[in-house]
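One structure is given below, encoded as structure tokens.
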Amino acid sequence: MVFRSSGMNETEIFERICKGDEKALELLYKKYYRMMTKLVITNSGTEDEARDVYQDALIVFWQKATSGNLVLTSKMSTYIYSICQNLWRKELDRKKRLSNEEKDTAVTLDTETSEREKIIAKCIDQLDGTCKKVLMYYYFEEMSMQDIADKLGFANTDTAKTKKYKCKKKLDDLVKAQYSEKDFLD
Amino acid sequence: MASEKDLELLDQYVGNRLTAQDRAAFEKKLASDTSLQNEFNLQQRVVEKIREARIMELKTMFNSVPASALEPTGTSLVTQMSLGVAIVAVIGAGIYFYASNEDTVTDQSVTKQEEVATQLPQIVEPQEEETSAPESPATGGPESLETKSVVPPAENKKNDVEIPQASNDTKANEEAKGPAPLDVFDPSKETESPAATPETKTSESPKLSKSSIVVETDNSNKKYNFHYQFKNGKLHLYGTFEKNLYEIMEFFSGNKRTVFLYYKDSYYLLNEENETIKPLAPINDPSLLKKLKDYRGAR
């Protein structure tokens, strides 16, 4: 199958991404996959590493675009490429450090923290779909209340604010119910 | 205990929604309020997990994109170059084999039968003009159409010369064969010629084509587990012969035919004298073995 961009140009794709359109993100993912992964593969990376780096880079790009913190001064591909370069450089540095030293200290795992994180993750899973989306759009995409209202079909920003407040409270209550305050606030 | 207003500010802080100025002010307050710090630790973890969950969602979306949708629209330069090299190699090989077999006139021909031959394209008949070349790895895949369009039909035909014609000579020999006494054909006559260059070597090499012998294997006979028998014009092989691993080699010298079996790196002489079941005994004569190997290798 050959990828086609459905006639959308870069500006249109970028505008849709800024509004949190996941279809546009998927389109972008397909469009630059070979170009971006090649960067890693031709610099001593594996296909899996290349894919991971590209996905991470695209998520950084998506997060910046949806939060309204990105003003593009170059082509999208140039911008994403530079993120890939930085991420891969960091990964190579990390691998180099790991191969040289500090392996034992890095492996030390805080099991208590890990347990708490698992509990939080479970509590997030217990939320209904809309609550999850509201919180994700608010804390990860950092969307405005207007964008959240538009995306989820709320009547206005006040409805979105109330929904977000209720969902966050519900999550906090779930988390706190499972662990005493002392467990978390030590 | 943190106030409601502090908690609201904290939420905006962990949600990256404060201005730089408000942020700095909140951090100042945070540094001096232990109760607020505790709440901050909790909220930071919760928000971090929300973000991680979202990242996982997005990655799942990426990973669900089929690999075929990630293919580039055009053929890369490297692929094009590889294709070019493959095409030149195919054409070159075709010309070489065509030229070297064109004028070959020998009174002997060697026919071979391989089980695998059934998977290959039809043996080329001399009168056939249009035959398709076997699809090599270089020409397989998405670019195969391009390759086929570049290779002229004439070249395709030449490629097939690699599996030479089931010649008329062979047919004539088959018709003429009779219950002749066993006269083992000595392939050394063929290989002893001072054929150093590829041209002269191939011009004197025997023709290879599909054998006329029909082979049947029988692995159910307990008494005969590595035997053979010529019966009713068929060759019966008794034993657990692995499919695709044996070959029948026929050598014709005048009206006489000598048949060999190749199986698992050994060669066996097959005596057609009568219809008795005979054991298969490997040939040990080094010079004969070498010649047989040479013929097998020449296919």
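The values are calculated or read from the model by the stated rules, or taken from the named source; none is laboratory data. Because the structure is a prediction, the values reported are computed rather than measured. In this analysis, Cβ positions are derived from the backbone assuming ideal geometry, glycine residues included, and neighbour counts consider all displayed protein chains.
Here are some notes:
- Count of segment B:11-32 residues which are assigned to a helix (DSSP H, G or I) and among the hydroxyl-bearing types (S, T, Y): 2
- Residues being over 22 Å from A:A177 (Cβ atoms), in contact (Cβ under 8 Å) with a residue 12 or more places away in the chain and within 60 Å of the chain's Cα centre (by Cα) - total across segment B:1-55: 1
Yes/no per residue for (1) more than 17 Å from B:K49 (Cα to Cα); (2) surrounded by 13 or more Cβ atoms within 10 Å (Cβ to Cβ); (3) free of Cβ contacts under 8 Å to residues at least 40 places away in the same chain:
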position	(1), (2), (3)
A:E117	no, yes, yes
A:E141	no, yes, no
A:M145	yes, yes, yes
A:K151	yes, yes, no
A:F154	yes, yes, yes
A:K164	no, yes, yes
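- Close pairs from segment A:25-50: first in contact (Cβ under 8 Å) with a residue 24 or more places away in the chain, partner of a type outside the set (A, V, I, L, M) and assigned to a helix (DSSP H, G or I), Cβ under 6 Å, at least 6 apart: A:L25/A:W62; A:Y29/B:F62; A:Y32/A:S77; A:M36/A:Y54; A:M36/A:C84; A:L39/A:C84; A:V40/A:E49; A:V40/A:W88
- Cβ separations smaller than 7 Å between residues 6+ apart or across chains give the following pairs from segment A:1-22 residues that are at negative phi and surrounded by 14 or more Cβ atoms within 10 Å (Cβ to Cβ) to residues that are at pLDDT below 85 and hydroxyl-bearing (S, T, Y): A:F3/B:T73.
- Residue ID - surrounded by the fewest Cβ atoms within 10 Å (Cβ to Cβ), chosen from residues in segment B:56-71 that are facing chain A (nearest Cβ under 7 Å) and either part of a helix (DSSP H, G or I) or among the aliphatic types (A, V, I, L, M) (or both): B:S68
- Every residue from segment A:38-59 that is closer than 12 Å to A:I80 by Cα and either among the acidic types (D, E) or modelled with pLDDT of 95 or more (or both): A:V53, A:Y54, A:Q55, A:D56, A:A57, A:L58, A:I59
- Whichever residue in segment A:20-33 is aromatic (F, W, Y) and facing chain B (nearest Cβ under 8 Å) and, among such residues, is farthest from the chain's Cα centre (by Cα): A:Y33
- On the stretch given as segment B:1-34, residues that are small (G, A, S), over 19 Å from B:V47 (Cβ atoms) and within 14 Å of another protein chain (Cβ to nearest Cβ) total 1.
- Test result for A:M36, away from chain B (no Cβ under 14 Å) and surrounded by 13 or more Cβ atoms within 10 Å (Cβ to Cβ): no
- Out of A:Y29, A:Y138, A:Y54, one residue alone is among the aromatic types (F, W, Y), assigned to a helix (DSSP H, G or I) and under 30 Å from B:L42 (Cα atoms). It is A:Y138.
- Pairs with Cβ under 8 Å, 6+ apart, first in segment A:53-65 and within 12 Å of A:G20 (Cα to Cα), second among the hydroxyl-bearing types (S, T, Y) and surrounded by fewer than 21 Cβ atoms within 10 Å (Cβ to Cβ): A:F61/A:Y79
- The requirement of being exposed (fewer than 12 other Cβ atoms within 10 Å of the Cβ) and at pLDDT 90 or above is satisfied by A:T78.
- Residue match in segment B:249-258 (condition: assigned to a loop (DSSP other than H, G, I, E, B), on the phi < 0 side of the Ramachandran plot and at pLDDT 85 or above): no
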